[in-house]
Each structure stands twice: as C-alpha cells, then as structure tokens.
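Comments concern the structure below.
The values are calculated or read from the model by the stated rules, or taken from the named source; none is laboratory data. Note that the structure is predicted; figures quoted are calculated from it, not measured. Because the Cβ atoms are built from the backbone with ideal geometry, glycine has one as well, and the counts that use them run over all protein chains shown. Each accessible area value is taken on the protein alone, full model and side chains, heavy atoms only, with ligands, DNA and RNA left out. Shrake-Rupley method; radii C 1.70, N 1.55, O 1.52, S 1.80 Å.
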Amino acid sequence: VDIANHRLFVSDYSRHRVLVFQLDTMDRPAPNRNAFAVIGQTSFNDCTGFSASRNRFNGPGALAFDDVRNRLFVADTFNHRVLEFDTQTIQNGMDARRVLGQPNFEDSGMPTPSATSLMTPAGLAVDADRGRLFVSDGTFHRVLVFNGLGNDGGLVDNVDAGIVLGQSNFTSWDYALSQSRFSSPRGLALDPAQNRLFVADTVNRRVLVFNAAALANGMDASIVLGPSEFESSGVTASDGGFSSPWSLAFDRSTSR
C-alpha cells in the first residue's frame, strides 16, 4: 500500500504483472474495483508474455514500497532479480528504473551466490528512514541487505549487498537450523521504530527476529517465534506454532 497516494499494488504472479488500484482517502477500493494501471504488460488484456527486459516479469512475487522516495520494488522471481520502479507517475508497461541481482535488464541467468546475485528472491522489506532494502534469497538460504536507497534517489544497478544474514559470507549457501541460519527464508517485515527485522524461516517452521540497528554478516537472531528454542523446528498446531510460515506484515501503529 502507498498510504500517501492511496494506491494498492498487487502482484499477479501467473500473469506476470503488477496491478495498481486507486483507493479513496479512507484507503478503500474505488467503487468499480478495477485497476487503473498495469506494470509488466503493455495492457490489461496482455497476460501471456514473460521475459527478462526493462518492462517485463517472470513470476513477480513479493512487493515493497518506499514511501519516502515513491519507489516500488518487485521481486521478479524467475528472472532472479529485483526491479525498482519510480512510481511518481505510473503508465501501463512502464520501464523499471533499476535492477538488482542481474548485470543488466536482459540477463536472467541462474547465478552462483555472490554479493550481487539473487536466486528466486522471495521476500522484500524497505527501511525508508535508513535507506535500506532487505531481500530474502530463498534458494541461497540468506537475506541480503542493500544500502544506499537515498543515493541519487535510489540504488544503482547490480550494486553489491552490504550485509548477508543466514550465511557467514556472500559465497556460501548451505542451510541449517541454528540461531544464525535459515532454510529457505521467504517473507520479511520490518519494525522501523524498534529496529527489528522479522524473517519467515519457512522450512525451519519459525520466524526469526534480528536487531536491525546493528547488522553484521552471519549474525545471530535475538528472538525465535514458533519453537521454544533456536535448535528446534518441530512444532504442533497451537497458538504458538507454525508449519511453513510464508508471508509477514507489520502494523506500525500497534507494534504487532
């Protein structure tokens, strides 16, 4: 949601597009409930094309919005990248402004782990106040932290990540069950007031909480939700257990 401009962005995964809906001042959908713009396709009736280019997707998934700079980030899952769009004005089939995870807009190759590569990115979160973008890199079992959202209004193409969570370095990609490791992390959510990053550690059936004020490569999580300890993943159906937690959202107004 873009609260300032009352817009809702929806990733339409199988049709390789993102739809944009106008909300009223109470953030309710317009009466006709139709999208007013489409990103990733040239028109609303075009839903078959997918490719790696400046204005196409291949399975767009997670979204994040930077309300300070009016930027939309889209996890372009099977192109193994994240695209950044300038949403001050929106047009059908508009071009992306930046690409992360690939050396250019036309490349969609399956990479090896590095500070610039992504493999099926699964979750996004923006720290607008501190100029950071968090990307969960599920296949490589890590979360990458990109700094510099405020530089020239946004990130530069194919920039190096500054921090990696879940791995001790940018080239390793094994999985584990511990206080500092993941197994296929997906959803992300940020509490900017308390500087807490929440990570859905999907296959380990838990949510890890990190101190986002003092990030370091391979750092330990401070809290685990789901199991009672960091070395446990087996949980039952209860008020405190998970089975494959997938998506996260944080309510700033109530800190929940």
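Here are a few things to note about the model shown:
- Within the option set 66, 76, being touching a Pro at 6+ places or on another chain (Cβ under 7 Å) and open to solvent by less than 20 Å² (accessible area, probe 1.4 Å) holds for one residue only, 76.
- Residue that is least open to solvent (accessible area, probe 1.4 Å), among those in segment 223-252 that are β-branched (Val, Ile, Thr) and within 15 Å of residue 197 (Cβ to Cβ): 224
- Any hit, segment 198-211, residues being in contact with a strand residue (DSSP E or B) (Cβ under 7 Å, 6 or more places away or on another chain) and over 25 Å from residue 241 (Cβ atoms): no
- The single condition among (1) over 25 Å from residue 252 (Cα atoms); (2) of a type outside the set (Lys, Arg); (3) in contact (Cβ under 8 Å) with a residue 40 or more places away in the chain; (4) not in a loop (DSSP other than H, G, I, E, B) that residue 83 does not satisfy is (3).
- None of 89, 25, 42 is over 23 Å from residue 137 (Cβ atoms), open to solvent by 70 Å² or more (accessible area, probe 1.4 Å) and in contact with a Gly (Cβ under 6 Å, 6 or more places away or on another chain) except 42.
- Residue within segment 48-59 that is open to solvent by 50 Å² or more (accessible area, probe 1.4 Å) and under 15 Å from the mean Cα position of the chain (by Cα) present: no
- Taking segment 191-222 as the range and being among the hydrophobic types (A, V, I, L, M, F, W, C) and either at pLDDT below 95 or open to solvent by 20 Å² or more (accessible area, probe 1.4 Å) (or both) as the test, the residues that pass are 193, 198, 203, 213, 214, 215, 216, 219.
- Qualifying residue in segment 140-161 (condition: more than 29 Å from residue 224 (Cα to Cα), assigned to a strand (DSSP E or B) and in contact with a Gly (Cβ under 7 Å, 6 or more places away or on another chain)): no
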